[in-house]
Amino acid sequence: MLDTVSDTRDQSPVAYDMLVNGGWVGAASGRRLDSLDPYTGRTWATVPDAAMPDVAAAVGAARAAFDMGPWGRMTARDRAALLRRMAELIARDVDRLAAIESRDNGKLVREMKAQWRYIPEWFNYFAGAADKIEGASLQSDRSNFTIFTRKEPVGVVAAITPWNSPGLLLVWKLAPALAAGCTFVVKPSEHTPISAIELGKLFEEAGFPPGVFNVVTGGPEAGRALVGDPRVDKIAFTGSTDVGKSIAKAAADNLTGVLLELGGKSPNIVFDDCERKAAANGIIAGIFAASGQSCMAGSRLVIQRSIMDEVLGRVVERAKTIKLGDPTQADTEMGPVATRQQHEKISGMIRSALADGARLACGGLEGGPGGLFVLPTILVDVRPDMSIVREEVFGPVLCVLPFDTEEEAIAIANDTQFGLAAGIWTQNVQRAHRVANQVRAGTVWINAYRVVGYNAPFGGYKQSGWGRENGMQALDEYLETKTIWIELSGATRDPFTIG
Ligand code: NAD
């Protein structure tokens, strides 16, 4: 048993297999991928590198489990019991799962523990929802008909997930899809595939029928094979906006339904009547937690000019004291970023912002601890047209955009292709509501930032995505509505007249 990350730091890499139709298998090609520990830079695990034949086998297993297996005949009550069992098993294994996830993506063990402690609630919530999936009895405008609707599972769900919160973002899709009665294939990020495999082990232990949950590991090639398989009924994707767009285009060939949770460039809007200490703390939490590798990162600080020096002063002082280091240590506040490519991308974006005339309030490229760490960085003197203001960095980089009036604040907040989240800091309840109503984003926090819950819908406006995860709306993403008309009179009708 892997109980702490450091337990395995000196061991040779762990070889994992994929879960297809209840069996543990390698890739047909025999190829394998390395999973790196971003803190040590060394391979700590290897997984199969799946391609088209492996993906086809997994989708075939999910299809058969849906169409012919016991899962499709199981009552909602029995499905719910299995979901609750998963919740128990995850709760039992929190420390192990958190250690593995931190090892895979470099995030703090304490953040990963908090996340895994919360994850069982998704299974419990959607277990509770499973037997409340209801159709409706409709009023017919013709006396000889009765009409009702049934809610049916959409079928085989293919999930493709990113590396920043791999377990959580998988469960956001998995728990509602299983509650709805779907079967599931996940292709986790090639950078963080292990938590999905570990969940597969718990599915076996919980006693799910084979083929209900399948894991294929691999990179974009495996992802493309999954998206292109016509036996998939719904694609649930979390990742970058560019890949999301390519998935939507590819899915259009089969008109497969798509749920997209994509990037963001979320504003944290701070008014002069805010509680200063709380706002400063919220700004830090918004951009530096998880080393900024969060889709909902508050990466644009939209701040009233009259309090800018005071609040920014507090934020800069705190940012300079953030402790970077080993993600397994309890006092570490920021770990490394997850991959070398990500480190290069963030460094390149900081470099070009500085070349465009932005000025550092703190952080930057000099004086960091080396490796895959990025210093908490705050950029002032930025212009709305700079790419650092418009593009998602997905790292600990904050842009500061001052405003004078409420209208200006709303205009700056909405001046983005994205619309995932926003924070508003004010003590004025009327202003809070006014601004919340006008910001075009899927989630708005007032005097808070970066809070999510299993029952609160989450998703994006504009190029931040399609559809919603969490809450009862998430269940609808995995259901079809069937309308059933029953003729009551037995009369023969004119075949050439509708209705
Ligand atoms: P990514 O888009 O590079 O990769 C995501 C997944 O897609 C990976 O599993 C990858 O292998 C797969 N993939 C890549 N190309 C593919 C293709 N052509 N067809 C099918 N699959 C393909 O994203 P990432 O770098 O892993 O994650 C970071 C991104 O995720 C950020 O943009 C972030 O904002 C976003 N994100 C969004 C949310 C949200 O809920 N909105 C949450 C977390 C992360």
Flag if Phe208 is open to solvent by 10 Å² or more (accessible area, probe 1.4 Å) and either touching an Asp or Glu at 6+ places or on another chain (Cβ under 8 Å) or not assigned by TED's automatic domain parsing to the domain that holds Lys245 (or both): no
Among Ile284, Ile269, the single one that is in contact (Cβ under 8 Å) with a residue 24 or more places away in the chain, open to solvent by 10 Å² or more (accessible area, probe 1.4 Å), away from the ligand (no atom under 15 Å from the Cβ) and of a type in the set (A, V, I, L, M, F, W, C) is Ile284
- Task: Answer yes if at least one residue in region 35-52 is buried (at least 16 other Cβ atoms within 10 Å of the Cβ) and free of Cβ contacts under 8 Å to residues at least 24 places away in the same chain, and no otherwise.
- Result: no
Filter region 200-235 for residues that are without any contact (Cβ under 8 Å) to a residue 60 or more places away in the chain and not basic (Lys, Arg); the one that is farthest from Pro166 (Cα to Cα) is Pro230
The one condition Trp425 fails out of (1) touching a helix residue (DSSP H, G or I) at 6+ places or on another chain (Cβ under 8 Å); (2) over 29 Å from Cys362 (Cα atoms); (3) away from the ligand (no atom under 16 Å from the Cβ) is (2)
Within region 131-168, the count of residues that are among the hydrophobic types (A, V, I, L, M, F, W, C) and under 21 Å from Thr238 (Cβ atoms) comes to 8
Could you tell me whether Phe271 is assigned by TED's automatic domain parsing to the domain that holds Gln417, modelled with pLDDT of 95 or more and out of contact with any helix residue (DSSP H, G or I) (no Cβ under 6 Å at 6 or more places or on another chain)?
yes
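Yes or no, residue by residue, for (1) open to solvent by 10 Å² or more (accessible area, probe 1.4 Å); (2) free of Cβ contacts under 8 Å to residues at least 60 places away in the same chain; (3) closer than 22 Å to Met472 by Cβ:
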residue: Pro153; (1), (2), (3): yes, no, yes
residue: Val157; (1), (2), (3): no, no, yes
residue: Trp163; (1), (2), (3): yes, no, no
residue: Pro176; (1), (2), (3): no, no, yes
residue: Gly181; (1), (2), (3): no, no, yes
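Per-residue answers, yes or no, for (1) surrounded by 19 or more Cβ atoms within 10 Å (Cβ to Cβ); (2) in the same structural domain as Lys323 (by TED's automatic domain parsing); (3) on the phi < 0 side of the Ramachandran plot; (4) not in a helix (DSSP H, G or I):
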position	(1), (2), (3), (4)
Leu82	yes, no, yes, no
Lys113	no, no, yes, no
Ala129	yes, no, yes, no
Phe148	no, no, yes, yes
Condition set of a type in the set (D, E, K, R) and more than 22 Å from the chain's Cα centre (by Cα), scope region 409-450, selection nearest to Asn268 (Cα to Cα): answer is Asp415
Going through (1) open to solvent by 50 Å² or more (accessible area, probe 1.4 Å); (2) within 12 Å of the ligand (Cβ to nearest atom) one by one, Arg434 fails only at (2)
Just one listed residue, out of Gly348, Gly335, Gly368, Gly363, is small (Gly, Ala, Ser) and at positive phi, and it is Gly363
| Is it the case that region 40-60 has a residue that's over 29 Å from Pro220 (Cα atoms), at pLDDT 95 or above and of a type in the set (S, T, N, Q)? | no
Could you check, for region 320-340, whether at least one of its residues is among the aliphatic types (A, V, I, L, M), near the ligand (Cβ under 10 Å from one of its atoms), farther than 18 Å from Thr443 by Cα and within 16 Å of the chain's Cα centre (by Cα)? yes
Only one of Asp233, Asp229 is in the same structural domain as Val171 (by TED's automatic domain parsing), away from the ligand (no atom under 15 Å from the Cβ) and either crowded, with 20+ Cβ neighbours inside 10 Å or within 20 Å of the chain's Cα centre (by Cα) (or both), namely Asp233
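Report those strands (runs of 3 or more DSSP E) wholly inside region 13-60 carrying at least 1 residues which are of a type in the set (Val, Ile, Thr).
Because the criterion is at least 1 residues that are of a type in the set (Val, Ile, Thr), the strands (runs of 3 or more DSSP E) in region 13-60 that meet it are 18-20, 23-25, 43-48.
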Query - Val157 assigned to a strand (DSSP E or B) and either aliphatic (A, V, I, L, M) or within 12 Å of the ligand (Cβ to nearest atom) (or both) - result: yes
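The values are calculated or read from the model by the stated rules, or taken from the named source; none is laboratory data. All of these numbers come straight from a predicted model, not from anything done at the bench. Note: ideal-geometry Cβ built from the backbone for every residue, glycine included; neighbour counts use all protein chains shown. SASA here: full protein model, heavy atoms, side chains in, ligands and nucleic acids out. Shrake-Rupley method; radii C 1.70, N 1.55, O 1.52, S 1.80 Å.
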